[in-house]
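Here is the structure we will look at.
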Amino acid sequence: VLSRLRLYLGAMWNSCIRRRVVLGVGTMAILGPTGAPAVQPDPAGSLPQAGDLLVHQTHPQAGAVIDPNELAAGTPPVLAWAMEPNSGIVRNHLHFGLIVLLRLSADDLTEAETRFAADGIVAFSAICTHAGCVVSGWRPAESRLFCPCHGSVYDPADGGRVVAGPAPRPLPTLKLRIDDGKLSVASGFSARIGSSTGRTD
Ligand code: FES
C-alpha cells in the first residue's frame, strides 16, 4: 500500500510540475519575455514614418490623400496627418504629428531644403517651437509660415528657419518623395518636435 501511495503522489507531483511549466509559457506569451505586460504599438499614436502617405487634416477634405498636383506653388499651406499606407490608419492621436505642407518654386529653395523637398513640395512640423501652437498662418507676399499665438515667422524655403518672433529654433523638416505620382514621407522629422518647455518627441 505504501509503494502504491508513493507512486500516486509521484504522479500527482509530475502533473503539477507540467501544469506549472505550461502555465509559465502561456504567461510569458501574455506578459512578454521580461514579465512586463506586452505593449502593442499604436500606429495612430506614432509620428510620421518613412513610406507614410499624407492626408488632409482640415475639412472639407479631411482624410483625403494629398495628391501632389493639388499643391500649386505659392498657394497657402495645408495641414496634414501621416497615414500608414497598408492599413490606412491615420497617425492623428498625437498633436505632435501634425504637418504643414506647401509647394514653393524650386528656384526659391535653399540647397539644403532641396534635399528634403519633392518637386518643390516641402513639409514641416506644424507645432511651433516657441510654445507649441499650430503654425497655421501664411504670409503670401513673403511666402512665410506664421504662428498666430505670439507672431513667430518661419521660412519654409530655408529649412523652417526662424525669421521673426520668439521661436527659439527652426521647425523640424519632414523629408518627402514622389514615386509614380504619389507623395509620401521619405524619413521622419529632422529634429525634436514642439516647444522647449512642452512635451517633445
Ligand atoms: Fe508660436 Fe508662441 S507658440 S509664437
Checklist outcome for this item: Cβ density ranking, 10 Å radius, fewest first, applied to LEU104, LEU54, LEU79, LEU183 yields LEU79, LEU104, LEU183, LEU54
Item to check | Per-residue Cβ neighbour rank within 10 angstrom, fewest leading, GLU111, GLU84 | outcome: GLU111, GLU84
Checklist entry - With charges set only on the Cβ (+1 for Lys and Arg, -1 for Asp and Glu), what does the dipole of the range 96-201 come to about its Cα centre, in debye to the nearest 20? => result 400
Checklist entry - Any number yet on Rg/Rh for the range 109-201, C-alpha, Kirkwood? => result 0.97
Item to check | Taking LYS182, LYS175 and counting other C-beta atoms within 10 Å, the order from fewest to most | outcome: LYS182, LYS175
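Any read-out appearing in this document is the output of simple, stated calculations on the displayed coordinates, not a laboratory observation. If you're wondering where the values come from, they're calculated on a predicted model, not measured in any experiment. All Cβ positions, glycine included, derive from the backbone under ideal geometry; neighbour counts span all protein chains shown.
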